[in-house]
Each structure stands twice: as structure tokens, then as C-alpha cells.
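> Take a look at this one; I'll ask things after.
The values are calculated or read from the model by the stated rules, or taken from the named source; none is laboratory data. A quick note: this is a predicted structure, and the numbers were derived from the prediction, not measured. Here the Cβ positions follow ideal geometry from the backbone for every residue, glycine too, while neighbour counts run over all protein chains shown.
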């Protein structure tokens, strides 16, 4: 059971690190390409950390923003589970 939990924590860490970063970046890229924004706003949406550029550029609520927030929360939960692995390896 312990090996299963450690494996789950490791998988969660990699999912959040690689999957979350690239998938959320692709979603921001799709929104920025489909909307009519300037180059400065385009780069602001893509490269601001923690999706700040996305939330500041597109303040109105839409279905896509709701989907983005749900996916953001899922990857945040994977990050929390993966961070437990860091504490496990440090204190074990």
C-alpha cells in the first residue's frame, strides 16, 4: 500500500510538472490566438506566471474561462499531492 501511494505521489508530481504546465499553456495559446488582442497582450497572456495575464486580459466570465479554472484546480490538486512526495522523501 505504501509503494502504491509513493507511486501515486510521483505520478502526480510529473503530471503537474509536465502535463499541467504544457496543457494550460496550450489553452492560453488557443484563447490568445482566437481573440483579437495586440502582440503585447498576446505575450502577456502566454508568459505571465500563475495565469495572471489570462485573468487580467479576459476579465469577463465565459464557458472557456470556467473550463480553464476547473482544469487549473485539477492540476493544482495534482501539485499538492506531488508536493507530499517531497516532504515524504525529506522526512523519511
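> Do we have residue 16 as within 30 Å of residue 3 (Cα to Cα) and either assigned to a helix (DSSP H, G or I) or in contact with a strand residue (DSSP E or B) (Cβ under 8 Å, 6 or more places away or on another chain) (or both) here? Please lay out each step first, then the result.
Working: within 30 Å of residue 3 (Cα to Cα): yes; either assigned to a helix (DSSP H, G or I) or in contact with a strand residue (DSSP E or B) (Cβ under 8 Å, 6 or more places away or on another chain) (or both): yes.
For residue 16, the condition - within 30 Å of residue 3 (Cα to Cα) and either assigned to a helix (DSSP H, G or I) or in contact with a strand residue (DSSP E or B) (Cβ under 8 Å, 6 or more places away or on another chain) (or both) - is met.
> Sticking with this structure for a sec: For residue 92, all conditions in the list (1) over 13 Å from the mean Cα position of the chain (by Cα); (2) modelled with pLDDT of 90 or more; (3) farther than 15 Å from residue 12 by Cα hold save one; what is the number of the exception?
Residue 92 satisfies every listed condition except (2).
> Go through segment 72-92 and give me each residue that's exposed (fewer than 12 other Cβ atoms within 10 Å of the Cβ) and either touching a helix residue (DSSP H, G or I) at 6+ places or on another chain (Cβ under 6 Å) or outside any helix (DSSP H, G or I) (or both).
92
> For segment 41-67, how many residues meet the condition of being within 11 Å of residue 24 (Cβ to Cβ) and touching a helix residue (DSSP H, G or I) at 6+ places or on another chain (Cβ under 6 Å)?
Summing the residues that are within 11 Å of residue 24 (Cβ to Cβ) and touching a helix residue (DSSP H, G or I) at 6+ places or on another chain (Cβ under 6 Å) in segment 41-67 gives 2.
> How many of the residues in segment 43-66 are surrounded by fewer than 14 Cβ atoms within 10 Å (Cβ to Cβ) and free of Cβ contacts under 8 Å to residues at least 12 places away in the same chain?
Residues flagged as surrounded by fewer than 14 Cβ atoms within 10 Å (Cβ to Cβ) and free of Cβ contacts under 8 Å to residues at least 12 places away in the same chain within segment 43-66 amount to 11.
> For residues in segment 28-57 being in a loop (DSSP other than H, G, I, E, B) and over 17 Å from the mean Cα position of the chain (by Cα), which is nearest to residue 13 (Cα to Cα)?
Of the residues in segment 28-57, the ones in a loop (DSSP other than H, G, I, E, B) are 35-38, 48.
Still in the list and also over 17 Å from the mean Cα position of the chain (by Cα): 35-38.
Details: 35: 32, 36: 35, 37: 34, 38: 35 Å.
Among those that are in a loop (DSSP other than H, G, I, E, B) and over 17 Å from the mean Cα position of the chain (by Cα), it is 35.
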